[in-house]
Amino acid sequence: MRIPDAKVALSTASVYPEPTATAFEIAARLGYDGVEVMVWNDPVSQDIEALRRLSDHHRIPILAVHAPCLLITQRVWSTDPWVKLQRARAAAEKLGATTVVVHPPFRWQRQYSRDFVQGIWRMANETDVRFAVENMYPWRYRDREMLAYAPDWDVTKDDYRHFTIDLSHASTARTDAMQMIDRMGDRLGHVHLADGNGSAKDEHLVPGRGGQPCAEVLERLALSGFDGHVVIEVNTRRAMSGAEREADLAEALAFTRLHLASAAAKAPRT
């Protein structure tokens, strides 16, 4: 079977609560094509030179940088969200990454959310790095739903040059991931691969362990000639040991490569 050109990367978030350095070690040992660095409270994730040393030492490239958009990273790389994105772009450029992943603003970031769509276009026009805006989800508690993101958690409702599809987020939003990919069209530039069962909690299960169409998405990517990155972003916090965590990440990698390759093998020859 021929494996398509799409590279399969490991998100450093997949080893949490282990540090960023552990993700480089595991990615290299298991044969991932690269890593996506989640910039968060770990000082190494914020340090370009430290990341470069890890990349060089393990001979594993940094393919993407996830800007610090989480609640727990509100003070990482400034409290100004535009400064965060500028620093993420600079990090990507210096590290050779092709993509910056960014979440839509929180609704209470009023000025940022008003300027977000135009601002992302402006920043995208200043660099070869892709700013790939990621789908999110409504926050739910019991029977209540809060729209926490603006302009919208469904990023396909707005005009962006590139999108990131996150299948776990699609599960939490209880939206059809395949239809979302259809709406993204050729602007789909980046994939966060994880599974989910529609829980109000963002599950990030190993692909194949939930109800999301992970295999179908991979097969579509292979058949469409997708030229972005497929990033394994799963939750391994419940792993009882390092060996169990590594086994989960090996399974995720095998699942991803299998379905990318099987689709390519089925494709008609031209």
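The values are calculated or read from the model by the stated rules, or taken from the named source; none is laboratory data. The structure presented is a predicted model; accordingly, all values stated were derived computationally and were not measured. Cβ placement follows ideal geometry from the backbone for every residue including glycine, while neighbour counts extend to all protein chains displayed. Protein only, heavy atoms only, side chains kept; ligands, DNA and RNA dropped before computing areas. Shrake-Rupley method; radii C 1.70, N 1.55, O 1.52, S 1.80 Å.
Being more than 30 Å from residue 259 (Cβ to Cβ), surrounded by 23 or more Cβ atoms within 10 Å (Cβ to Cβ), within 17 Å of the chain's Cα centre (by Cα) and in contact (Cβ under 8 Å) with a residue 40 or more places away in the chain narrows it down to one of 13, 91, 64, 9, so name that one.
Sole residue among the options that is more than 30 Å from residue 259 (Cβ to Cβ), surrounded by 23 or more Cβ atoms within 10 Å (Cβ to Cβ), within 17 Å of the chain's Cα centre (by Cα) and in contact (Cβ under 8 Å) with a residue 40 or more places away in the chain: 91.
Every residue, every condition in (1) among the β-branched types (Val, Ile, Thr); (2) within 20 Å of residue 139 (Cα to Cα), yes or no:
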{"position": "193", "(1), (2)": "no, no"}
{"position": "199", "(1), (2)": "no, yes"}
{"position": "204", "(1), (2)": "no, yes"}
{"position": "219", "(1), (2)": "no, no"}
{"position": "230", "(1), (2)": "yes, no"}
{"position": "235", "(1), (2)": "no, yes"}
{"position": "240", "(1), (2)": "no, no"}
{"position": "243", "(1), (2)": "no, no"}
{"position": "248", "(1), (2)": "no, no"}
Legend entry - Residue, least open to solvent (accessible area, probe 1.4 Å), within the range 232-253, restricted to residues that are assigned to a loop (DSSP other than H, G, I, E, B) and farther than 17 Å from residue 35 by Cα: 239
Legend entry - Among residues of the range 103-133, those that are touching a helix residue (DSSP H, G or I) at 6+ places or on another chain (Cβ under 7 Å) and either of a type outside the set (D, E, K, R) or buried (at least 18 other Cβ atoms within 10 Å of the Cβ) (or both), counted: 10
Inset, instruction - Might you check whether a residue that is farther than 25 Å from residue 249 by Cβ and of a type in the set (Phe, Trp, Tyr) occurs anywhere in the range 82-101? - result: yes
Inset, instruction - Within the range 53-108, count every residue that is within 14 Å of residue 131 (Cβ to Cβ), among the hydroxyl-bearing types (Ser, Thr, Tyr) and assigned to a loop (DSSP other than H, G, I, E, B). - result: 1
Legend entry - Leading residue by the ranking (nearest to residue 103 (Cα to Cα)) among those in the range 16-52 that are among the β-branched types (Val, Ile, Thr) and not in a helix (DSSP H, G or I): 39
Inset, instruction - Scan the strands (runs of 3 or more DSSP E) fully inside the range 109-224 and keep the ones with 1 or more residues being out of contact with any Asp or Glu (no Cβ under 8 Å at 6 or more places or on another chain), free of Cβ contacts under 8 Å to residues at least 60 places away in the same chain and more than 28 Å from residue 90 (Cβ to Cβ). - result: 139-141, 144-146
Inset, instruction - State whether the residues of the range 162-170 include one that is crowded, with 22+ Cβ neighbours inside 10 Å and hydroxyl-bearing (Ser, Thr, Tyr). - result: yes
